[in-house]
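Here is the structure we will look at.
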Amino acid sequence: MTPLDFVVSLALVSVAAGVLGSLIGLGGGVVIVPVLTLLYHVDIRLAIGASIVSVIATSSGAAAAYVRERMTNLRAGMFLEIATTTGAVSGAYLTTVLPTRFLFVFFGLVLGYSSFATFRRRHSAEPLTTSNDRIANYFDLHGSYYDEAEQREISYKVVGTKAGLALMYVAGLVSALLGIGSGALKVPAMDSAMHLPMKVSSATSNFMIGVTAAASAGVYFIRGQIDPVIAAPVAAGVLLGATFGARVLGRITSKTVRLVFVLVLVVISLEMLQKGIFP
Amino acid sequence: MTDVNGPAASHGAPASPARVPATEGLARSGSRRPLGPEEAAAMEEKVRKVELAISLVLRIGVVVSVLVIAVGLGLMFAHHSEYVSVFGHFSYQRLTSKTTSFPHSFGALGRAIASGEGRGIVVLGVLILILTPVLRVAVGVLSFVYEKDPPMTIVTLYVLAVLVGSFFLAAV
(Lines give C-alpha, C1' and ligand atoms only; values in the text may rest on other atoms or scores of the structure.)
Protein backbone atom coordinates (compact mmCIF):
# COMPACT_ATOMS: atom_id res chain seq x y z
CA MET A 1 0.00 0.00 0.00
CA THR A 2 1.55 3.32 -1.08
CA PRO A 3 1.20 6.50 1.00
CA LEU A 4 -1.41 7.79 -1.47
CA ASP A 5 -3.62 4.70 -0.95
CA PHE A 6 -3.16 5.09 2.81
CA VAL A 7 -4.17 8.76 2.80
CA VAL A 8 -7.23 8.21 0.59
CA SER A 9 -8.56 5.13 2.43
CA LEU A 10 -7.98 6.65 5.89
CA ALA A 11 -9.78 9.84 4.81
CA LEU A 12 -12.85 7.77 3.83
CA VAL A 13 -12.89 5.95 7.21
CA SER A 14 -12.50 9.35 8.92
CA VAL A 15 -15.62 10.69 7.21
CA ALA A 16 -17.63 7.93 8.93
CA ALA A 17 -15.92 8.69 12.26
CA GLY A 18 -16.84 12.36 11.88
CA VAL A 19 -20.52 11.64 11.19
CA LEU A 20 -20.83 9.32 14.20
CA GLY A 21 -18.82 11.58 16.52
CA SER A 22 -20.77 14.73 15.71
CA LEU A 23 -24.13 12.97 16.23
CA ILE A 24 -23.47 11.70 19.74
CA GLY A 25 -20.97 14.24 21.07
CA LEU A 26 -17.88 12.03 20.95
CA GLY A 27 -14.60 12.67 19.18
CA GLY A 28 -14.46 9.74 16.78
CA GLY A 29 -11.44 8.24 18.56
CA VAL A 30 -13.60 5.16 19.12
CA VAL A 31 -13.37 4.53 15.36
CA ILE A 32 -9.95 6.03 14.54
CA VAL A 33 -7.81 4.30 17.20
CA PRO A 34 -8.85 0.67 16.49
CA VAL A 35 -8.79 1.22 12.70
CA LEU A 36 -5.26 2.63 12.85
CA THR A 37 -3.84 0.00 15.21
CA LEU A 38 -5.66 -3.12 13.96
CA LEU A 39 -6.08 -2.43 10.23
CA TYR A 40 -3.08 -0.26 9.43
CA HIS A 41 -0.74 -1.57 12.20
CA VAL A 42 0.17 1.95 13.28
CA ASP A 43 1.93 2.39 16.65
CA ILE A 44 -0.56 3.08 19.47
CA ARG A 45 1.18 6.33 20.46
CA LEU A 46 0.72 7.75 16.96
CA ALA A 47 -2.87 6.44 16.86
CA ILE A 48 -3.67 8.35 20.07
CA GLY A 49 -2.12 11.50 18.58
CA ALA A 50 -4.40 11.07 15.55
CA SER A 51 -7.35 10.54 17.89
CA ILE A 52 -6.70 13.93 19.54
CA VAL A 53 -6.68 15.56 16.08
CA SER A 54 -9.93 13.76 15.27
CA VAL A 55 -11.55 15.06 18.49
CA ILE A 56 -10.63 18.67 17.69
CA ALA A 57 -11.82 18.28 14.08
CA THR A 58 -15.18 16.78 15.13
CA SER A 59 -15.66 19.47 17.73
CA SER A 60 -14.84 22.48 15.56
CA GLY A 61 -16.60 21.11 12.49
CA ALA A 62 -19.86 20.23 14.25
CA ALA A 63 -19.93 23.04 16.82
CA ALA A 64 -19.81 25.70 14.09
CA ALA A 65 -23.24 24.43 13.00
CA TYR A 66 -24.67 23.55 16.44
CA VAL A 67 -23.86 26.98 17.92
CA ARG A 68 -25.46 28.80 15.00
CA GLU A 69 -28.58 26.60 15.28
CA ARG A 70 -28.74 27.32 19.06
CA MET A 71 -28.52 23.60 19.89
CA THR A 72 -25.45 24.13 22.11
CA ASN A 73 -25.80 25.50 25.64
CA LEU A 74 -22.92 27.98 25.38
CA ARG A 75 -23.02 29.16 28.99
CA ALA A 76 -23.13 25.66 30.50
CA GLY A 77 -20.44 24.46 28.09
CA MET A 78 -18.05 27.30 28.83
CA PHE A 79 -18.73 27.03 32.58
CA LEU A 80 -18.00 23.28 32.67
CA GLU A 81 -14.79 23.81 30.68
CA ILE A 82 -13.27 25.05 33.97
CA ALA A 83 -13.30 21.44 35.16
CA THR A 84 -12.40 19.69 31.88
CA THR A 85 -9.32 21.85 31.13
CA THR A 86 -8.07 21.56 34.72
CA GLY A 87 -8.53 17.79 34.51
CA ALA A 88 -6.76 17.60 31.15
CA VAL A 89 -3.72 19.54 32.36
CA SER A 90 -3.42 17.52 35.59
CA GLY A 91 -3.83 14.33 33.56
CA ALA A 92 -0.99 15.19 31.19
CA TYR A 93 1.39 15.22 34.19
CA LEU A 94 -0.04 12.13 35.89
CA THR A 95 0.56 9.81 32.90
CA THR A 96 3.85 8.60 34.33
CA VAL A 97 2.46 8.07 37.85
CA LEU A 98 -0.84 6.27 37.30
CA PRO A 99 -1.03 2.64 36.13
CA THR A 100 -2.68 2.83 32.69
CA ARG A 101 -3.91 -0.78 32.69
CA PHE A 102 -5.82 -0.30 35.92
CA LEU A 103 -7.33 2.93 34.53
CA PHE A 104 -8.54 1.16 31.39
CA VAL A 105 -10.29 -1.51 33.47
CA PHE A 106 -11.75 1.06 35.87
CA PHE A 107 -13.13 3.38 33.17
CA GLY A 108 -14.23 0.40 31.09
CA LEU A 109 -16.47 -0.55 34.03
CA VAL A 110 -17.59 3.06 34.62
CA LEU A 111 -18.63 3.49 30.97
CA GLY A 112 -20.29 0.07 31.00
CA TYR A 113 -22.41 1.21 33.93
CA SER A 114 -23.17 4.59 32.37
CA SER A 115 -24.32 2.95 29.13
CA PHE A 116 -26.74 0.91 31.25
CA ALA A 117 -27.92 4.05 33.11
CA THR A 118 -28.40 5.95 29.84
CA PHE A 119 -30.33 3.03 28.35
CA ARG A 120 -32.73 3.03 31.32
CA ARG A 121 -33.41 6.74 30.72
CA ARG A 122 -34.32 6.15 27.05
CA HIS A 123 -38.02 6.94 27.55
CA SER A 124 -37.55 10.07 29.63
CA ALA A 125 -37.54 13.10 27.38
CA GLU A 126 -39.29 15.73 29.52
CA PRO A 127 -36.87 18.44 30.68
CA LEU A 128 -37.04 20.04 34.13
CA THR A 129 -39.02 23.24 34.58
CA THR A 130 -37.58 24.34 37.94
CA SER A 131 -34.16 24.24 39.52
CA ASN A 132 -32.90 24.78 43.07
CA ASP A 133 -29.29 24.48 42.01
CA ARG A 134 -27.61 27.64 43.32
CA ILE A 135 -24.63 27.54 40.96
CA ALA A 136 -26.83 26.94 37.90
CA ASN A 137 -29.10 29.81 38.95
CA TYR A 138 -26.22 32.19 39.71
CA PHE A 139 -24.51 31.63 36.36
CA ASP A 140 -27.87 31.22 34.61
CA LEU A 141 -26.93 27.97 32.89
CA HIS A 142 -30.53 27.19 31.89
CA GLY A 143 -31.50 27.33 28.26
CA SER A 144 -33.82 26.44 25.42
CA TYR A 145 -33.51 25.05 21.92
CA TYR A 146 -35.70 24.43 18.91
CA ASP A 147 -36.29 20.73 18.36
CA GLU A 148 -36.70 20.08 14.64
CA ALA A 149 -37.99 16.53 15.15
CA GLU A 150 -40.72 17.67 17.58
CA GLN A 151 -41.16 21.03 15.82
CA ARG A 152 -41.28 23.06 19.02
CA GLU A 153 -39.13 25.23 21.27
CA ILE A 154 -38.06 23.26 24.35
CA SER A 155 -36.81 25.13 27.42
CA TYR A 156 -35.06 23.35 30.25
CA LYS A 157 -33.49 23.92 33.66
CA VAL A 158 -30.11 22.66 34.80
CA VAL A 159 -29.47 20.88 38.13
CA GLY A 160 -26.58 18.91 39.67
CA THR A 161 -23.84 21.40 38.75
CA LYS A 162 -21.44 20.10 41.43
CA ALA A 163 -21.74 16.49 40.27
CA GLY A 164 -21.40 17.77 36.70
CA LEU A 165 -18.18 19.64 37.52
CA ALA A 166 -16.70 16.56 39.26
CA LEU A 167 -17.52 14.31 36.28
CA MET A 168 -16.12 16.88 33.85
CA TYR A 169 -12.85 16.97 35.80
CA VAL A 170 -12.63 13.18 35.45
CA ALA A 171 -13.50 13.47 31.74
CA GLY A 172 -10.58 15.87 31.23
CA LEU A 173 -8.27 13.57 33.20
CA VAL A 174 -9.29 10.52 31.15
CA SER A 175 -8.89 12.42 27.89
CA ALA A 176 -5.29 13.29 28.73
CA LEU A 177 -4.40 9.91 30.30
CA LEU A 178 -6.00 7.47 27.89
CA GLY A 179 -6.58 9.57 24.76
CA ILE A 180 -10.14 8.27 24.42
CA GLY A 181 -13.40 8.47 26.32
CA SER A 182 -13.65 12.20 27.02
CA GLY A 183 -16.99 12.72 25.28
CA ALA A 184 -18.19 9.36 26.57
CA LEU A 185 -18.11 10.79 30.11
CA LYS A 186 -19.29 14.30 29.21
CA VAL A 187 -22.58 13.27 27.62
CA PRO A 188 -23.80 11.20 30.64
CA ALA A 189 -22.62 13.99 32.98
CA MET A 190 -24.95 16.42 31.24
CA ASP A 191 -27.75 14.01 30.32
CA SER A 192 -28.03 12.05 33.59
CA ALA A 193 -26.46 14.25 36.29
CA MET A 194 -27.44 17.74 35.06
CA HIS A 195 -30.68 16.87 33.22
CA LEU A 196 -29.88 18.69 29.98
CA PRO A 197 -31.95 17.31 27.07
CA MET A 198 -30.12 14.54 25.19
CA LYS A 199 -29.58 16.53 21.99
CA VAL A 200 -28.32 19.55 23.93
CA SER A 201 -25.97 17.25 25.89
CA SER A 202 -24.60 15.87 22.64
CA ALA A 203 -24.19 19.29 20.99
CA THR A 204 -22.65 20.83 24.14
CA SER A 205 -20.28 17.87 24.59
CA ASN A 206 -19.24 18.40 20.96
CA PHE A 207 -18.58 22.05 21.73
CA MET A 208 -16.43 21.17 24.78
CA ILE A 209 -14.33 18.19 23.63
CA GLY A 210 -12.27 20.39 21.30
CA VAL A 211 -11.12 22.57 24.19
CA THR A 212 -10.39 19.54 26.40
CA ALA A 213 -8.34 17.96 23.63
CA ALA A 214 -6.54 21.23 22.85
CA ALA A 215 -5.38 21.36 26.48
CA SER A 216 -3.36 18.17 26.00
CA ALA A 217 -2.62 18.53 22.26
CA GLY A 218 0.44 20.71 22.91
CA VAL A 219 2.02 17.91 24.93
CA TYR A 220 1.21 15.34 22.23
CA PHE A 221 2.74 17.57 19.54
CA ILE A 222 6.03 18.09 21.42
CA ARG A 223 6.27 14.37 22.22
CA GLY A 224 6.13 13.67 18.49
CA GLN A 225 2.79 11.81 18.51
CA ILE A 226 1.20 13.89 15.75
CA ASP A 227 2.40 12.31 12.49
CA PRO A 228 1.39 14.57 9.56
CA VAL A 229 0.79 11.67 7.15
CA ILE A 230 -1.78 10.21 9.58
CA ALA A 231 -3.18 13.50 10.87
CA ALA A 232 -3.87 15.02 7.43
CA PRO A 233 -6.44 12.48 6.15
CA VAL A 234 -7.97 12.16 9.64
CA ALA A 235 -8.45 15.94 10.00
CA ALA A 236 -9.84 16.42 6.49
CA GLY A 237 -12.13 13.36 6.54
CA VAL A 238 -13.48 13.99 10.04
CA LEU A 239 -14.21 17.65 9.29
CA LEU A 240 -16.23 16.66 6.23
CA GLY A 241 -18.11 13.97 8.19
CA ALA A 242 -18.81 16.24 11.16
CA THR A 243 -20.20 19.00 8.94
CA PHE A 244 -22.59 16.45 7.45
CA GLY A 245 -23.47 14.80 10.81
CA ALA A 246 -24.36 18.17 12.32
CA ARG A 247 -27.18 18.50 9.78
CA VAL A 248 -28.72 15.23 10.96
CA LEU A 249 -28.90 15.66 14.76
CA GLY A 250 -31.76 18.19 14.71
CA ARG A 251 -34.02 15.92 12.65
CA ILE A 252 -33.78 12.67 14.61
CA THR A 253 -35.48 12.04 17.96
CA SER A 254 -33.75 12.22 21.34
CA LYS A 255 -34.49 8.53 21.83
CA THR A 256 -32.57 7.59 18.67
CA VAL A 257 -29.61 9.75 19.71
CA ARG A 258 -29.61 8.07 23.13
CA LEU A 259 -29.75 4.54 21.68
CA VAL A 260 -26.90 5.19 19.22
CA PHE A 261 -24.93 6.68 22.11
CA VAL A 262 -25.56 3.61 24.30
CA LEU A 263 -24.37 1.27 21.54
CA VAL A 264 -21.15 3.22 21.00
CA LEU A 265 -20.62 3.45 24.77
CA VAL A 266 -20.80 -0.35 25.06
CA VAL A 267 -18.16 -0.65 22.31
CA ILE A 268 -15.87 1.89 24.01
CA SER A 269 -16.26 0.15 27.37
CA LEU A 270 -15.37 -3.25 25.85
CA GLU A 271 -12.44 -1.65 24.02
CA MET A 272 -11.14 -0.21 27.31
CA LEU A 273 -11.59 -3.48 29.20
CA GLN A 274 -9.71 -5.31 26.46
CA LYS A 275 -6.83 -2.81 26.65
CA GLY A 276 -6.66 -3.21 30.42
CA ILE A 277 -6.97 -6.99 30.63
CA PHE A 278 -5.20 -8.21 27.43
CA PRO A 279 -2.90 -5.32 26.48
CA MET B 1 -35.93 35.05 32.70
CA THR B 2 -35.21 32.75 35.56
CA ASP B 3 -36.03 32.34 39.21
CA VAL B 4 -32.77 33.86 40.35
CA ASN B 5 -34.49 35.33 43.41
CA GLY B 6 -36.46 32.24 44.27
CA PRO B 7 -40.18 31.82 43.74
CA ALA B 8 -41.21 34.52 46.25
CA ALA B 9 -39.32 37.28 44.48
CA SER B 10 -40.54 36.42 41.01
CA HIS B 11 -44.15 36.65 42.22
CA GLY B 12 -43.36 40.19 43.33
CA ALA B 13 -42.19 41.27 39.88
CA PRO B 14 -45.32 42.37 38.02
CA ALA B 15 -43.33 43.98 35.18
CA SER B 16 -41.93 40.64 34.08
CA PRO B 17 -43.60 39.18 30.98
CA ALA B 18 -45.22 35.77 30.81
CA ARG B 19 -42.75 32.91 30.51
CA VAL B 20 -41.23 33.20 27.04
CA PRO B 21 -39.06 30.19 26.23
CA ALA B 22 -36.70 32.14 23.98
CA THR B 23 -35.48 34.26 26.90
CA GLU B 24 -34.27 31.25 28.89
CA GLY B 25 -30.57 31.49 29.55
CA LEU B 26 -30.43 35.18 28.68
CA ALA B 27 -30.03 36.78 32.11
CA ARG B 28 -26.62 37.86 33.34
CA SER B 29 -24.83 35.87 36.00
CA GLY B 30 -25.92 36.77 39.51
CA SER B 31 -28.45 39.37 38.36
CA ARG B 32 -30.71 40.28 41.24
CA ARG B 33 -33.86 40.69 39.18
CA PRO B 34 -35.41 39.22 36.04
CA LEU B 35 -34.91 41.19 32.82
CA GLY B 36 -37.68 43.48 31.59
CA PRO B 37 -39.12 42.97 28.09
CA GLU B 38 -36.86 45.55 26.31
CA GLU B 39 -33.81 44.39 28.23
CA ALA B 40 -34.60 40.79 27.31
CA ALA B 41 -34.96 41.71 23.63
CA ALA B 42 -31.66 43.64 23.66
CA MET B 43 -30.00 40.75 25.47
CA GLU B 44 -31.36 38.24 22.98
CA GLU B 45 -29.88 40.24 20.12
CA LYS B 46 -26.49 40.38 21.87
CA VAL B 47 -26.53 36.64 22.59
CA ARG B 48 -27.39 35.97 18.92
CA LYS B 49 -24.44 38.11 17.76
CA VAL B 50 -22.14 36.20 20.10
CA GLU B 51 -23.39 32.85 18.81
CA LEU B 52 -22.75 33.91 15.22
CA ALA B 53 -19.28 35.24 16.10
CA ILE B 54 -18.28 31.97 17.81
CA SER B 55 -19.67 29.92 14.92
CA LEU B 56 -17.74 32.11 12.44
CA VAL B 57 -14.43 31.73 14.33
CA LEU B 58 -14.80 27.93 14.30
CA ARG B 59 -15.68 27.94 10.61
CA ILE B 60 -12.69 30.12 9.65
CA GLY B 61 -10.29 27.96 11.71
CA VAL B 62 -11.61 24.78 10.10
CA VAL B 63 -11.52 26.09 6.51
CA VAL B 64 -8.03 27.62 6.83
CA SER B 65 -6.58 24.47 8.41
CA VAL B 66 -8.09 22.19 5.72
CA LEU B 67 -6.70 24.43 2.96
CA VAL B 68 -3.20 24.46 4.49
CA ILE B 69 -3.30 20.67 5.03
CA ALA B 70 -4.40 20.17 1.40
CA VAL B 71 -1.54 22.36 0.10
CA GLY B 72 0.93 20.42 2.28
CA LEU B 73 -0.33 17.04 1.07
CA GLY B 74 -0.22 18.24 -2.54
CA LEU B 75 3.42 19.36 -2.15
CA MET B 76 4.37 16.12 -0.41
CA PHE B 77 3.00 13.98 -3.25
CA ALA B 78 4.42 16.33 -5.89
CA HIS B 79 7.94 16.07 -4.43
CA HIS B 80 7.86 12.31 -3.90
CA SER B 81 6.64 10.50 -7.00
CA GLU B 82 7.39 7.16 -5.29
CA TYR B 83 4.51 7.87 -2.82
CA VAL B 84 1.89 7.81 -5.58
CA SER B 85 3.00 5.29 -8.20
CA VAL B 86 0.37 2.59 -8.59
CA PHE B 87 2.87 -0.25 -8.92
CA GLY B 88 5.36 1.22 -6.47
CA HIS B 89 6.76 -0.72 -3.56
CA PHE B 90 7.09 2.25 -1.22
CA SER B 91 5.04 1.25 1.84
CA TYR B 92 3.13 3.90 3.81
CA GLN B 93 4.51 2.24 6.95
CA ARG B 94 7.84 3.95 6.36
CA LEU B 95 5.99 7.22 7.04
CA THR B 96 3.88 6.00 9.98
CA SER B 97 6.22 3.88 12.08
CA LYS B 98 7.72 4.59 15.49
CA THR B 99 11.03 5.63 13.91
CA THR B 100 9.60 8.00 11.26
CA SER B 101 10.94 11.51 11.66
CA PHE B 102 8.68 14.54 11.20
CA PRO B 103 8.76 18.03 12.70
CA HIS B 104 7.52 18.08 16.30
CA SER B 105 9.16 21.18 17.69
CA PHE B 106 8.60 24.77 16.63
CA GLY B 107 12.21 25.12 15.43
CA ALA B 108 12.07 22.01 13.24
CA LEU B 109 8.66 23.06 11.97
CA GLY B 110 9.97 26.49 10.96
CA ARG B 111 12.90 24.93 9.05
CA ALA B 112 10.60 22.41 7.31
CA ILE B 113 8.20 25.13 6.18
CA ALA B 114 11.06 27.39 5.04
CA SER B 115 12.37 24.61 2.81
CA GLY B 116 8.88 24.06 1.39
CA GLU B 117 8.62 20.51 2.73
CA GLY B 118 5.05 19.20 2.31
CA ARG B 119 4.84 17.41 5.66
CA GLY B 120 5.97 20.57 7.48
CA ILE B 121 3.08 22.48 5.92
CA VAL B 122 0.67 19.68 6.91
CA VAL B 123 1.87 20.01 10.52
CA LEU B 124 1.24 23.76 10.31
CA GLY B 125 -2.34 23.07 9.17
CA VAL B 126 -2.86 20.62 12.02
CA LEU B 127 -1.53 23.21 14.50
CA ILE B 128 -4.03 25.76 13.13
CA LEU B 129 -6.76 23.18 13.77
CA ILE B 130 -5.47 22.61 17.34
CA LEU B 131 -5.43 26.37 18.00
CA THR B 132 -9.01 26.87 16.75
CA PRO B 133 -10.65 25.90 20.08
CA VAL B 134 -8.20 28.19 21.92
CA LEU B 135 -9.22 31.08 19.67
CA ARG B 136 -12.86 30.16 20.28
CA VAL B 137 -12.35 30.47 24.07
CA ALA B 138 -10.68 33.87 23.55
CA VAL B 139 -13.73 35.02 21.59
CA GLY B 140 -15.84 33.65 24.49
CA VAL B 141 -14.01 35.97 26.91
CA LEU B 142 -14.70 38.99 24.68
CA SER B 143 -18.36 37.91 24.30
CA PHE B 144 -18.99 37.91 28.03
CA VAL B 145 -17.29 41.31 28.37
CA TYR B 146 -19.68 42.48 25.63
CA GLU B 147 -22.67 40.94 27.47
CA LYS B 148 -21.45 42.72 30.67
CA ASP B 149 -21.31 39.46 32.60
CA PRO B 150 -18.30 39.56 34.98
CA PRO B 151 -18.68 36.07 36.54
CA MET B 152 -18.77 34.33 33.15
CA THR B 153 -15.91 36.56 31.95
CA ILE B 154 -13.78 35.28 34.84
CA VAL B 155 -14.81 31.68 34.09
CA THR B 156 -13.75 31.94 30.43
CA LEU B 157 -10.55 33.85 31.33
CA TYR B 158 -9.59 30.97 33.64
CA VAL B 159 -10.18 28.44 30.84
CA LEU B 160 -8.12 30.54 28.43
CA ALA B 161 -5.28 30.84 30.98
CA VAL B 162 -5.22 27.06 31.53
CA LEU B 163 -5.18 26.43 27.76
CA VAL B 164 -2.41 28.93 27.02
CA GLY B 165 -0.50 27.67 30.07
CA SER B 166 -0.77 24.07 28.83
CA PHE B 167 0.97 25.05 25.57
CA PHE B 168 3.79 26.79 27.44
CA LEU B 169 4.17 23.88 29.86
CA ALA B 170 4.37 21.52 26.89
CA ALA B 171 7.08 23.61 25.23
CA VAL B 172 9.48 23.57 28.21
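The values are calculated or read from the model by the stated rules, or taken from the named source; none is laboratory data. Owing to the predicted nature of the structure, the values given are computational and were not obtained by experimental measurement. Because the Cβ atoms are built from the backbone with ideal geometry, glycine has one as well, and the counts that use them run over all protein chains shown. Only protein heavy atoms, including side chains, enter the accessible area calculation; ligands, DNA and RNA are left aside. Shrake-Rupley method; radii C 1.70, N 1.55, O 1.52, S 1.80 Å.
Taking the condition more than 30 Å from B:Glu39 (Cβ to Cβ), assigned to a helix (DSSP H, G or I) and not small (Gly, Ala, Ser), does B:Pro151 pass? No, not satisfied. Residue-level check: of (1) farther than 25 Å from B:Ile154 by Cα; (2) open to solvent by 10 Å² or more (accessible area, probe 1.4 Å); (3) at pLDDT 85 or above; (4) not in a helix (DSSP H, G or I), A:Leu109 misses just (4).
If the condition is being among the hydroxyl-bearing types (Ser, Thr, Tyr) and more than 25 Å from A:Val8 (Cβ to Cβ), then the range A:238-279 contributes A:Thr253, A:Ser254, A:Thr256, A:Ser269. Of the residues making up the range A:70-84, just one is out of contact with any strand residue (DSSP E or B) (no Cβ under 8 Å at 6 or more places or on another chain) and not in a helix (DSSP H, G or I), namely A:Thr72. Kindly check whether there is at least one residue in the range A:36-48 that is within 20 Å of A:Val211 (Cα to Cα) and facing chain B (nearest Cβ under 10 Å). Yes, because at least one residue in the range A:36-48 is within 20 Å of A:Val211 (Cα to Cα) and facing chain B (nearest Cβ under 10 Å). Among the conditions (1) more than 10 Å from every other protein chain (Cβ to nearest Cβ); (2) open to solvent by 10 Å² or more (accessible area, probe 1.4 Å), A:Arg68 misses just one, which is (1).
The selection criterion, being surrounded by fewer than 23 Cβ atoms within 10 Å (Cβ to Cβ), at pLDDT 90 or above and more than 20 Å from A:Val200 (Cβ to Cβ), does not hold for A:Thr95. Counting only helices (runs of 4 or more DSSP H) that fall entirely inside the range A:163-279 and contain at least 1 residues that are free of Cβ contacts under 8 Å to residues at least 40 places away in the same chain, the qualifying elements are A:198-222, A:228-249, A:254-277.
Hey, does the range A:9-24 have a residue that's within 13 Å of another protein chain (Cβ to nearest Cβ), in contact (Cβ under 8 Å) with a residue 12 or more places away in the chain and within 30 Å of B:Thr156 (Cα to Cα)? So far as the range A:9-24 goes, yes, one or more of its residues are within 13 Å of another protein chain (Cβ to nearest Cβ), in contact (Cβ under 8 Å) with a residue 12 or more places away in the chain and within 30 Å of B:Thr156 (Cα to Cα).
This table checks each residue for (1) exposed (fewer than 13 other Cβ atoms within 10 Å of the Cβ); (2) within 11 Å of chain A (Cβ to nearest Cβ); (3) modelled with pLDDT under 95.
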| position | (1), (2), (3) |
| --- | --- |
| B:Asp3 | no, yes, yes |
| B:Ala9 | no, no, yes |
| B:Ala40 | no, no, yes |
| B:Arg48 | yes, yes, yes |
| B:Glu51 | no, yes, yes |
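In the set A:Ala83, A:Ala117, only one residue is of a type outside the set (S, T, N, Q) and within 14 Å of chain B (Cβ to nearest Cβ); that residue is A:Ala83.
Within the range A:235-260, being facing chain B (nearest Cβ under 9 Å) and either touching a Lys or Arg at 6+ places or on another chain (Cβ under 8 Å) or of a type in the set (Val, Ile, Thr) (or both) holds for one residue alone: A:Thr243. Taken together, B:Leu129, B:Leu109 contain a single residue that is open to solvent by less than 20 Å² (accessible area, probe 1.4 Å) and free of Cβ contacts under 8 Å to residues at least 40 places away in the same chain, which is B:Leu109. Taking the listed residues B:Gly120, B:Gly74, B:Gly116, the one that is more than 7 Å from every other protein chain (Cβ to nearest Cβ), at positive phi, open to solvent by less than 70 Å² (accessible area, probe 1.4 Å) and in contact (Cβ under 8 Å) with a residue 12 or more places away in the chain is B:Gly116, with no other qualifying. Of all residues in the range A:6-22, those satisfying the criterion of being open to solvent by 30 Å² or more (accessible area, probe 1.4 Å) and in contact with a helix residue (DSSP H, G or I) (Cβ under 7 Å, 6 or more places away or on another chain) are A:Leu12, A:Val13, A:Val15, A:Ala16, A:Val19, A:Leu20.
Taking the listed residues A:Ser51, A:Ser90, the one that is small (Gly, Ala, Ser), more than 8 Å from every other protein chain (Cβ to nearest Cβ), within 29 Å of A:Ile277 (Cβ to Cβ) and open to solvent by 30 Å² or more (accessible area, probe 1.4 Å) is A:Ser90, with no other qualifying. Scanning the range B:96-110 for residues that are within 7 Å of chain A (Cβ to nearest Cβ) and over 15 Å from B:Ala170 (Cα atoms), we see that the one that is modelled with the highest pLDDT is B:Phe102. The numbered conditions (1) assigned to a helix (DSSP H, G or I); (2) open to solvent by less than 10 Å² (accessible area, probe 1.4 Å) are all true for B:Val145 except (2).
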